[in-house]
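Note sheet for the following structure.
The values are calculated or read from the model by the stated rules, or taken from the named source; none is laboratory data. The shown structure was predicted, so the numbers you read here are calculated from the model rather than taken from an experiment. Please note: Cβ atoms are built from the backbone with ideal geometry, for glycine as well, and neighbour counts cover all protein chains shown.
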Amino acid sequence: MKALFSVLLFWFLHVFPILSLLIPVTQNAEAETHMEKQWQGDGTTLSLEEIIIGRCYNYIRVVNPSVGEKNCSQIWEAFRDAFIFKDPCKVLPKDYEPFIRLTVHDVPLNKSLFWENSQLLVGRYADSTKRMMPLDGTLMGWLAQGLAWCGHPGGTGMNYKSCPTTDECEHNPVESFWRIASEAYAKLAAGVIHVMLNGSVSDGAYPVNGFFAKFELTNLIKDNILNIQIWVMDEIEGPDNESCGSKTIKLLETTLQEDGFQYTCTDNYKPVRLLQCVDFPTHHDCLCAHTSTGALHSFNLPMAACSSESPIPATPLLQLTLVSSQLRG
Ligand SMILES: *[C@@H]1O[C@H](CO)[C@@H](O)[C@H](O)[C@H]1NC(C)=O
Ligand SMILES: *[C@@H]1O[C@H](CO)[C@@H](O)[C@H](O)[C@H]1NC(C)=O
Ligand SMILES: *[C@@H]1O[C@H](CO)[C@@H](O)[C@H](O)[C@H]1NC(C)=O
Ligand SMILES: CC(=O)N[C@H]1CO[C@H](CO)[C@@H](O)[C@@H]1O
């Protein structure tokens, strides 16, 4: 009798809670994907935990081992605890403070890259932290980029169906995350720092209500900053709505002057332009500006081959033939 009782007690105390944790969780996750859509935004990305833990190990072991050892399970728990089971309109930036403390690491001198309206180009230029380290290239940004998440008071504690947009409520888990992450990132900037803006947008290349203006510019530590390089990149085939010295870029330049920063502004900064040209190799903007020889245009050489520093090849046809035969060979 006593033995039976302890077996039952064992089941009740140990095995059943584990089973009840495992089985209903998967059922609830299923149920919650069929839950009524409450909000306009995407629901929590499925497999959020696996994605974040996987990205975390990929970052610390492969992408940027210089950040040193981190406990990726603990990082996931700190992230999750900021919003799980909570009302998705009542998550504040400070709820992620433990997560930020666990993930923060230095951003190398001269490698900070801020942006508005140019996320994909920034990502390509940054090249997984090899060239630049924008927020998405730091551990905290790397873990969350492209994901959606929010809490739900019942079930698994997550809403897989929909999450509030910032128009629906400001204090949503994703918005609050990127606010505190942007602030933390800005505080780490040092040396020559960069800002990539999109000259083809029609509603302000430097939006005064954007993340850069509100959470980053205001958190730069001036004594650590040597110079701010602004790059205004137009889309190839897109409109040239804004340039250095005009409209909202002018506003940014005035703000930087007033705040006592040294800055430079460049329209269509060439190294980034070359990257854009990869997708438009024959577009006029990607060809040599100086065409006095006539020869270059007919070969559709990208700008790289036409830099004024490098002499125009005397026999471009021969060189191109060599290159293409080398490629084939
Ligand atoms: C990592 O964090 C988890 C969860 O907080 C904890 O259980 C584990 O002991 C930690 N591992 C190490 C190696 O510190
Ligand atoms: C950062 O940029 C400054 C100014 O161009 C330069 O003097 C310094 O050597 C650079 N530091 C690194 C680590 O690249
Ligand atoms: C720049 O803005 C235009 C217009 O909104 C948009 O189509 C384009 O994708 C943006 N470029 C980048 C790199 O995000
Ligand atoms: C504000 C502004 O100049 N917007 C223009 C951006 O470019 C497009 C295409 O040329 C125009 O239609 C917008 O009016």
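Does the range 105-124 contain any residue that is modelled with pLDDT of 95 or more, farther than 30 Å from Asn268 by Cα and more than 16 Å from ligand 3 (Cβ to nearest atom)? Walk me through how you get there before you give the answer.
Going residue by residue through the range 105-124, those that are modelled with pLDDT of 95 or more are 105-124.
Checking which are farther than 30 Å from Asn268 by Cα leaves us with 105.
Subset that is more than 16 Å from ligand 3 (Cβ to nearest atom): 105.
So far as the range 105-124 goes, yes, one or more of its residues are modelled with pLDDT of 95 or more, farther than 30 Å from Asn268 by Cα and more than 16 Å from ligand 3 (Cβ to nearest atom).
From the list Glu235, Glu242, which residue is buried (at least 22 other Cβ atoms within 10 Å of the Cβ) and more than 16 Å from ligand 2 (Cβ to nearest atom)? Show your work before the answer.
Details: Glu235 fails: buried (at least 22 other Cβ atoms within 10 Å of the Cβ).
Sole residue among the options that is buried (at least 22 other Cβ atoms within 10 Å of the Cβ) and more than 16 Å from ligand 2 (Cβ to nearest atom): Glu242.
Could you tell me which residue of the range 82-132 is surrounded by the most Cβ atoms within 10 Å (Cβ to Cβ), considering only residues that are hydroxyl-bearing (Ser, Thr, Tyr) and within 16 Å of ligand 2 (Cβ to nearest atom)? If you could, list the steps in order and put the result at the bottom.
In the first step, residues of the range 82-132 are kept if they are hydroxyl-bearing (Ser, Thr, Tyr); the result is 96, 103, 112, 118, 125, 128-129.
With within 16 Å of ligand 2 (Cβ to nearest atom) added as a condition, the list becomes 112, 129.
Details: Ser112: 28, Thr129: 20.
Taking the candidates together, the pick is Ser112.
Here are the criteria: (1) closer than 30 Å to Gln38 by Cα; (2) assigned to a loop (DSSP other than H, G, I, E, B). Tell me which single one Lys94 does not satisfy.
Single failed check for Lys94: (2).
Condition first: part of a loop (DSSP other than H, G, I, E, B), among the β-branched types (Val, Ile, Thr), touching a His at 6+ places or on another chain (Cβ under 8 Å) and at pLDDT 95 or above. Can you find one or more residues in the range 236-255 that meet it?
Quick first cut of the range 236-255, residues part of a loop (DSSP other than H, G, I, E, B) only: 236-246.
Now narrow it down to the ones that are among the β-branched types (Val, Ile, Thr): 236.
Now narrow it down to the ones that are touching a His at 6+ places or on another chain (Cβ under 8 Å): 236.
Now drop any that are not at pLDDT 95 or above, which leaves 236.
Taking every residue of the range 236-255 in turn, at least one turns out to be part of a loop (DSSP other than H, G, I, E, B), among the β-branched types (Val, Ile, Thr), touching a His at 6+ places or on another chain (Cβ under 8 Å) and at pLDDT 95 or above.
So, of the residues in the range 196-214 that are in a loop (DSSP other than H, G, I, E, B) and not small (Gly, Ala, Ser), which turns out to be nearest to ligand 3 (Cβ to nearest atom)? Please lay out each step first, then the result.
From the range 196-214, those in a loop (DSSP other than H, G, I, E, B) are 199-210; that's our starting set.
From what's left, not small (Gly, Ala, Ser): 201, 203, 206-209.
Numbers: Val201: 4, Asp203: 8, Tyr206: 13, Pro207: 12, Val208: 17, Asn209: 16 Å.
This residue is Val201.
Given (1) in contact (Cβ under 8 Å) with a residue 40 or more places away in the chain; (2) within 14 Å of ligand 4 (Cβ to nearest atom); (3) crowded, with 21+ Cβ neighbours inside 10 Å, identify the lone condition not met by Cys163.
For Cys163, the exception is condition (2).
Consider Leu139 carefully, then state whether it is more than 16 Å from ligand 2 (Cβ to nearest atom), out of contact with any Leu (no Cβ under 7 Å at 6 or more places or on another chain) and farther than 22 Å from Asn224 by Cβ. Spell out the reasoning first.
Numbers: more than 16 Å from ligand 2 (Cβ to nearest atom): yes; out of contact with any Leu (no Cβ under 7 Å at 6 or more places or on another chain): yes; farther than 22 Å from Asn224 by Cβ: no.
Against the criterion (more than 16 Å from ligand 2 (Cβ to nearest atom), out of contact with any Leu (no Cβ under 7 Å at 6 or more places or on another chain) and farther than 22 Å from Asn224 by Cβ), Leu139 does not qualify.
Which residue pairs have Cβ atoms closer than 8 Å, lie 6 or more positions apart in sequence or on different chains, and pair a first residue in the range 63-89 that is in the same structural domain as Gly155 (by TED's automatic domain parsing) and among the basic types (Lys, Arg) with a second residue that is in a loop (DSSP other than H, G, I, E, B) and near ligand 1 (Cβ under 9 Å from one of its atoms)?
So the pair list comes out empty.
Out of Val192, Val174, report the one residue that is more than 14 Å from ligand 3 (Cβ to nearest atom), assigned to a strand (DSSP E or B), closer than 21 Å to Gly123 by Cβ and in contact with a strand residue (DSSP E or B) (Cβ under 8 Å, 6 or more places away or on another chain). I'd like the intermediate steps shown before the answer.
Working: Val174 fails: assigned to a strand (DSSP E or B).
Result: Val192 is the single residue among Val192, Val174 that is more than 14 Å from ligand 3 (Cβ to nearest atom), assigned to a strand (DSSP E or B), closer than 21 Å to Gly123 by Cβ and in contact with a strand residue (DSSP E or B) (Cβ under 8 Å, 6 or more places away or on another chain).
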